[in-house]
Amino acid sequence: MHYTGRKLEIVTLDAARYLVTVTTSSIGTGINHDDETIVFPYLLGRMKARSLVGELMSVNAELSVLSATIFLEMIPQGEEIVRGIHDELSTAYDTEIPLQVHFHPHADNGKTIMALMATGAVYKDRVKIDSTKSKDYVYALGNPKHAEEINNLDSKELAKLYCVKELAESPSIHEIIILNGQSIIETIEYIERNEDLVMQLETADEELINKKGYGASCLLFTSTNKVRNENYDGIALHYLGRMV
């Protein structure tokens with residue numbers, strides 16, 4: 001199953017589980033609006049891992065393996081990307097996640113081409129996609145940022161990978177959507193269309209809801225219960241409204 005607007009594929013693995021795959025790619029030394037960028041290789045690795053693995057986690061899937069294919073001119077640059085990927089995974093997992101890396105020589109004005117794929121599984125009765133309910137509270141965690149605005153991935157302005165994991169594991173959280181080039185208002189409209197709901201918007205912050213978010217800087221989630229900022233280590237949390 002392919003979900004329009006999402007970077008994931010879900011297929012039946014067995015009677016009880018779905019297999020979930022998420023893929024992403026970039027050209028250049030990092031990412032920005034057009035996938036051509038100025039982001040340092042280490043940050044690129046972390047940002048791409050956060051975005052990719054976060055998308056898989058968002059449907060409550062457990063990551064099994066992450067593979068990276070990197071075409072590059074300079075091996076040290078590729079090693080920095082891989083270090084970033086590894087460090088980002090360590091923020092959400094206590095155990096080592098299998099990471100398959102393939103380097104290929106490539107000389108094109110110093111550009112780097114990278115493709116990542118995350119694979120995991122989720123029990124069919126626990127998958128969280130198109131699952132927002134009427135009367136759910138809607139929140140944004142993190143502030144939408146363009147890639148070139150991100151220079152500290154530990155900033156309290158940004159959503160974190162471990163937050164996605166914790167949200168997905170909570171029974172009161174119905175749906176999680178990471179902003180990958182969308183704005184908050186576009187994501188709200190996506191939920192409304194898919195689930196035949198209407199949101200009562202309760203924020204007047206036009207800049208917040210209209211700015212496009214990249215690098216998994218921001219995510220939306222819907223919840224049965226109201227939540228507080230303290231629940232997420234002081235990371236920027238915005239109450240947006242309620243679904244009806």
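Since every read-out is calculated from the coordinates, none of them should be taken as a lab result. Bear in mind that the values here come from a model prediction, so they are computed numbers and not experimental data. Cβ: placed from backbone, ideal geometry, glycine included. Neighbour counts: every protein chain shown.
When Met57, Met199 are ordered from fewest to most other Cβ atoms inside 10 Å of their Cβ, what list results?
Lowest to highest Cβ neighbour count: Met199, Met57.
In the neighborhood of Ser58, defined by Cβ-to-Cβ distances under 15 Å, what is the net charge if each Lys or Arg adds +1 and each Asp or Glu adds -1?
0
Please order Glu169, Glu207, Glu192, Glu80 by the number of other Cβ within 10 Å, starting at the fewest.
Glu207, Glu169, Glu192, Glu80
Rounded to the nearest 500 deg cm²/dmol, what is the calculated helix-only ellipticity per residue at 222 nm for the chain, with -39500 (n - 2.57) per DSSP H run of length n ≥ 4?
Taking each H run of at least 4 residues, the total per residue is -7500 deg cm²/dmol.
Would you please put 62-73, 94-105 in order of how densely packed they are, using the mean number of other Cβ atoms within 10 angstrom per residue and starting with the highest?
Put in order of decreasing packing, that is 62-73, 94-105.
Hey, of (i) 19.2; (ii) 12.7; (iii) 15.4, which did the structure itself give for mean projected area of the Cα convex hull in nm² when calculated?
It is the value labelled (ii).
Please report Asp136, Asp130 as a ranked list, fewest other C-beta atoms within 10 angstrom at the top and most at the bottom.
Taking fewest neighbouring Cβ atoms as first place, the list is Asp130, Asp136.
Let me have the relative contact order for the chain, percent, based on Cα pairs under 8 Å that are six or more residues apart.
Values: 568 pairs, mean separation 57.8, N = 244.
The normalised contact order for the chain reaches 24 percent.
Is there a pair in Lys135/Lys226; Lys128/Lys156; Lys128/Lys165; Lys7/Lys128; Lys135/Lys165 whose C-alpha atoms are over 19 Å apart, and which pairs would that be?
Working: Lys135/Lys226 11 Å; Lys128/Lys156 26 Å; Lys128/Lys165 12 Å; Lys7/Lys128 15 Å; Lys135/Lys165 23 Å.
In this structure, Lys128/Lys156; Lys135/Lys165 exceed 19 Å between Cα atoms.
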